[in-house]
1. I'd like the full set of residues that are surrounded by fewer than 17 Cβ atoms within 10 Å (Cβ to Cβ), within 24 Å of ASP93 (Cα to Cα) and of a type in the set (A, V, I, L, M), limited to the stretch 132-165.
2. Please determine whether any residue of the stretch 104-117 is open to solvent by 30 Å² or more (accessible area, probe 1.4 Å), farther than 23 Å from ASP160 by Cβ and either in a strand (DSSP E or B) or without any contact (Cβ under 8 Å) to a residue 24 or more places away in the chain (or both).
3. Any residue at all in the stretch 57-70 that's within 17 Å of the chain's Cα centre (by Cα) and in a helix (DSSP H, G or I)?
4. If I filter the stretch 60-87 down to residues being over 22 Å from SER11 (Cα atoms) and among the small types (Gly, Ala, Ser), which single residue comes out as least open to solvent (accessible area, probe 1.4 Å)?
5. Hey, any hits in the stretch 47-59 for a residue that's among the hydrophobic types (A, V, I, L, M, F, W, C) and open to solvent by less than 30 Å² (accessible area, probe 1.4 Å)?
6. Looking at TYR71, is it over 30 Å from LYS157 (Cβ atoms), among the hydroxyl-bearing types (Ser, Thr, Tyr) and touching a residue at least 24 places away in the same chain (Cβ under 8 Å)?
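The values are calculated or read from the model by the stated rules, or taken from the named source; none is laboratory data. Bear in mind that the values here come from a model prediction, so they are computed numbers and not experimental data. Neighbour counts run over all protein chains shown; Cβ positions are idealised from the backbone, glycine included. Just so you know, the surface numbers come from the protein's heavy atoms only, side chains and all, with ligands and any DNA or RNA stripped out. Shrake-Rupley method; radii C 1.70, N 1.55, O 1.52, S 1.80 Å.
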Amino acid sequence: MNRLDRLYGGSLYDLAAQEGMGEVILEQMEQIRVLFRDNPDYVRLLSQPAIPLSERKALIDGAFGHRAEPYLVNFLKLLCDRRILREYPGCCDEFVRRYNRDHGIAMATVTSAVPLREEQMEALRKKLEKISNKTVRLKQILDPSVLGGLRVELEGKRLDGTVKGRLESVSEKLNEIKDGTETCN
């Protein structure tokens, strides 16, 4: 995340929090982020200096004017005006980071070889909430290379209970032992 992301995303968050609209704008920001990700040509169009700024802003109004909060629509126009619309995803990240911090929410990523059942995800979420004393939102990633078990990342901490992680740990220990015996000879 760069300085612009923190400045603009943080400023929008401050305004949204002050107006009591943090949750609504967060939800709409995420929807627009997905739209931009799925339609990169639209973002390129809005960033095209050959198209007059007034026309680009009219495109934003046409697409979002009646579907998004005015603060968010004006935010998009501001990014367009400053020619930094490409920074929108980072601004979203900063907004989410600040929202989560202020609302005691922790994001966790769980990686497994096979999809977890809903009951398993719920049990894991509850356990992580107990550990972190925060509301936990889980995102699951499937990675067959983990072989079995789970790897959880929560607030910068990694809890690795995967078969792959255990095998790597054993391998490292064996290498340490091997290196230790080679220096003794």
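1. Within the stretch 132-165, ILE141, LEU142, LEU159 qualify.
2. Looking for residues that are open to solvent by 30 Å² or more (accessible area, probe 1.4 Å), farther than 23 Å from ASP160 by Cβ and either in a strand (DSSP E or B) or without any contact (Cβ under 8 Å) to a residue 24 or more places away in the chain (or both), one finds none in the stretch 104-117, hence no.
3. Step one: filter the stretch 57-70 for residues within 17 Å of the chain's Cα centre (by Cα), giving none.
No, because not a single residue in the stretch 57-70 is within 17 Å of the chain's Cα centre (by Cα) and in a helix (DSSP H, G or I).
4. Applying the first criterion (over 22 Å from SER11 (Cα atoms)) to the stretch 60-87 yields 62-63, 66.
Remaining after also requiring among the small types (Gly, Ala, Ser): 62-63.
Values: GLY62: 60, ALA63: 30 Å².
Out of the qualifying residues, it is ALA63.
5. Start the filter on the stretch 47-59 by keeping residues that are among the hydrophobic types (A, V, I, L, M, F, W, C), which leaves 50-51, 53, 58-59.
Then keep just the ones that are open to solvent by less than 30 Å² (accessible area, probe 1.4 Å); that gives none.
Among the residues of the stretch 47-59, not one is among the hydrophobic types (A, V, I, L, M, F, W, C) and open to solvent by less than 30 Å² (accessible area, probe 1.4 Å), which makes the answer no.
6. Numbers: over 30 Å from LYS157 (Cβ atoms): yes; among the hydroxyl-bearing types (Ser, Thr, Tyr): yes; touching a residue at least 24 places away in the same chain (Cβ under 8 Å): yes.
Here the answer is yes, as TYR71 does meet what is asked.
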